[in-house]
Amino acid sequence: MTAAGILAVLGPTATGKTALSLEVATRLDGEIISADSRQAYRGLEIGTAAPTPEQMGTIPHHGVGFLRPGDRYSAGAFGRLARSWIAEILERGRVPVVCGGTGFFFGSLTEPIFREPPLDSDRRARLDEWMRAQATEDLARWSGRLDSGLALAGRRQSPDRQRAARTLELALLTGWPLSWWHANAPPEAAPVAATVFVLELEPEEHRRRIRERTGRLLERGWPMEVERLLAAGYDNRSPALSSIGYSTVAALVRGEISRDAALQDIVRDTWQYARRQRTWFRHQLPVDTRSLDATLPTDELAGLVVGGWKAVSEREWR
């Protein structure tokens, strides 16, 4: 690990993280680790605004497009994978640049979650098969019944299928709810030191960017991407397709809603998600996190990040 730890470029959706992380990694001879819970899935490149093949050909990326849409991905899994990626990048003498907007994923590095208990593989497989047949709302309702602590914490949030499934899995297979494991079990690894930069926008500009990007993704072929996923047998109960916008685009593909209605619904849902991200980043990041004005040009932002990174590295090596 370098004296300054890892470098992290974080921020809510549609704030320009991808472009900035690419420029920063280029200037620092770095490799990018995606802390995005949805860009990890193959076949969801358009709707998740994942880095393009050309971008990934320029800078090595980790954690992008390596899972099937039916696979589950958690903060714990990300933390374990990311620590191994970080070690490999450092062995090559390069800088790990963590980029993303999934706060819990980044938090699994700086504040590692509990060590996962052993789970019976046969019971786990049977439970997983049952959960795949349930609606997201039903999984969320059952998880709230089995873990009241998490139910209170997430009362004002829309149901998260993967989190609900994880809650049910631990409660039913270990006898203790997820909130108990968070509070009582030892962490699975030591914290990773990080120099953190977070992109910020005023609400009005942030909503404008979300609307602009959503229109661009629909034009780029998001409906065709969803058509391919549906044809392959995936639906809204697949972990990946619970991502924001995918069920709406599926309704558009089936002719159930108009393009304008789909655009409006996706913008609304994305903004609601962005608000939750903004709150998390405001309260959960390290106290020495550096805020960046996302309206500045990428070159200027990259200069601020690289300068800040080098200043921290030089200060901590003294």
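The values are calculated or read from the model by the stated rules, or taken from the named source; none is laboratory data. Please read all numbers here as calculations on a predicted model, not as lab measurements. Cβ placement follows ideal geometry from the backbone for every residue including glycine, while neighbour counts extend to all protein chains displayed. For accessibility, only protein heavy atoms count, side chains too; no ligands or nucleic acids. Shrake-Rupley method; radii C 1.70, N 1.55, O 1.52, S 1.80 Å.
Quick look at the values:
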| read-out | value |
| --- | --- |
| For GLY30, residues with placed amide H under 5 Å, excluding near neighbours | VAL95 |
| Radius of gyration and maximum dimension Dmax of region 27-137, Cα, Å | 15.8, 49 |
| Net charge dipole size for the chain [Lys, Arg +1 and Asp, Glu -1 on Cβ; Debye, nearest 20] | 520 debye |
| Most mobile of GLN284, GLN162, GLN39 in a GNM of the chain (Cα contacts under 10 Å) | GLN284 |
| For the chain, with +1 on Lys and Arg beta carbons and -1 on Asp and Glu, the positive-most of ALA35, ALA133, THR58 along the dipole | ALA133 |
| With every protein chain in place, the chain: carbon and sulfur % of accessible area (1.4 Å) | 50 percent |
| Kirkwood Rh, angstrom, region 224-276 [1 / mean 1/r, Cα pairs] | 11.4 Å |
| Counted charge near GLY43, where neighbours are those whose Cβ lies closer than 14 Å (Asp, Glu -1; Lys, Arg +1) | -1 |
| Global size of region 66-197 as Cα Rg and Dmax, reported in angstrom | 16.1, 49 |
| log10 of Debye I(q)/I(0), alpha-carbon scatterers only, for region 246-318 at 0.14, 0.19, 0.25 Å⁻¹ | -0.71, -0.89, -1.08 |
| Local net charge near ALA185, Cβ-Cβ under 11 Å (Lys/Arg +1, Asp/Glu -1) | -1 |
| At q = 0.07 Å⁻¹, base-10 log of I(q)/I(0) for the chain (Debye sum, equal scatterers on each alpha carbon) | -0.28 |
| Per residue accessible area in Å² of the chain, where ligands, DNA and RNA are left out and the probe is 1.4 Å | 49 Å² |
| Unit charges at the beta carbon, dipole of the chain: most positive-side option, GLY93, LEU172, LEU229 | LEU172 |
